[in-house]
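For reference, the structure discussed in these notes is given below.
What follows draws every value from the coordinates through simple rules; no lab data is involved. Since we're looking at a predicted model, the values are computed, not measured. Reconstructed Cβ throughout: ideal geometry from the backbone, glycine too, with neighbour counts over all protein chains shown.
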Amino acid sequence: MTNTTNLSNSEILTTNPLSPEQINRYHQDGFIIIPSFFNRQEIEPLYKACVEDTKLQENETSFLDIDGNICRFTYFMETQNTLLGSIPRLARMVDAVETLLGGKECYHWHSKVVRKEPHSQGYFNWHQGYGAWYYDGCLFPDFVSTFVAVTSATKENGCVQVLKSSHLLGRIDHINSRGNMITDPERMEVILKKLELVYCEMEPGDILIMHGNTLHYSENNQTDHPRVLVVSHYNSADNEPYDLEGAEILRYRPLKKLPDSWLQDKKYDSVFIDKDFFNQQKTDDAELYAGVGNLEKRYSRLPNTRKINEMP
Ligand SMILES: O=C(O)CCC(=O)C(=O)O
Ligand SMILES: [Fe+2]
């Protein structure tokens with residue numbers, strides 16, 4: 001089966017574009033949640049593979065949160081002709097992102113599947129996407145992140161939490177804490193008192209879309225069931241890092257769009273394959289943080305006063 005279609009990107013348009021109201025809300029609040037962005041049949045095979053199969057776990061990368069709890073996820077940058085690899089390229093995703101970037105072309109920065117095991121303690125501390133990518137050498141905060149719910153996401157299982165309109169704060173300095181880029185804790189304490197916190201609870205198929213400067217966080221999973229999100233980050237095509245030496249992987253790569261019907265028509269080969277995943281550790285060594293790009297370079301750009309809690 002082919003990986004793409006013969007049509008050009010401009011000929012493949014979503015059948016369900018964002019409404020002016022959704023676009024306004026995104027710019028006002030820094031995020032939107034769209035229920036049923038994917039229908040149940042589209043998501044079902046992924047749900048089965050992520051919840052009932054162990055294949056995903058075999059490809060997981062582990063890292064420690066700032067308290068030393070293990071978090072696991074799988075990364076991918078290259079997109080295969082799998083269900084998983086098709087998601088970031090679907091017209092409804094790319095068109096939404098490009099609309100929110102003001103009509104600019106985007107490229108796939110990277111994606112991950114974040115599966116929180118039942119009763120796992122790992123959590124994501126407060127951060128902005130651009131809080132890290134700034135230090136990768138991207139000049140503009142022209143990033144949009146999408147979070148597709150594969151399982152339900154609830155307060156109890158560690159759904160994403162956002163601070164409303166926090167993207168209007170601009171980029172905030174981040175520190176490297178055990179390999180996690182987290183928002184300057186001093187500033188964060190004050191911001192938390194000022195801005196409204198929203199729990200982004202979702203059902204399978206719903207999507208959360210947020211600005212690169214939106215502050216977000218997510219708690220541990222206190223339930224008996226896994227919580228799974230497919231998270232994709234997009235950068236604008238004209239915003240690749242200014243210095244790509246040792247970080248070629250972050251270079252602009254044209255994104256080949258797929259029609260919205262791709263999943264419904266089962267045009268993909270399988271749900272996912274080992275090749276989907278980048279930087280597999282195949283190890284339980286949680287000290288290793290498998291980031292993408294050149295992390296040494298990223299950390300070397302942190303202001304000296306912020307170089308606390310360096311990676312071991
Ligand atoms: O999966 C989550 O709860 C948060 C993930 C996240 O913030 C990210 O991937 O950037
Ligand atoms: Fe994030």
**Request:** Compare the peptides 41-54, 207-220, 8-21, 109-122 by average per-residue count of other Cβ atoms within 10 angstrom and give them in order, highest first.
**Result:** 207-220, 109-122, 41-54, 8-21
**Complete:** Full extension between Asn24 and Glu78 adds, at 0.36 nm per residue less the Cα distance, a length in nm of 16.3 nm
**Asked** On full extension of the chain, what length is gained from Lys48 through Asn3, given 0.36 nm per residue of separation minus the C-alpha to C-alpha distance?
**Response** 13.9 nm
**Request:** For a quick protection proxy, order the peptides 87-94, 159-166 by their average other-Cβ count within 10 Å, most packed first.
**Result:** 87-94, 159-166
**Request:** Quote the relative contact order of the range 22-306 in percent (integer), defining contacts as alpha-carbon pairs under 8 Å separated by 6+ residues.
**Result:** 34
**Request:** Take the alpha carbon atoms of the range 169-192, find their center, do the same for the range 241-276, and report the distance between the two centers in whole angstrom.
**Result:** 30
**Request:** Return, ordered by residue number, the residues of the range 126-156 whose backbone nitrogen is under 12 Å from a label point located 7 Å along Cα→Cβ of Gln222.
**Result:** 155-156
**Prompt:** Which lysines, on any chain, are close to Lys155 with Cα under 18 Å apart, when same-chain ones fewer than 8 places away are left out?
**Reply:** Lys116, Lys164
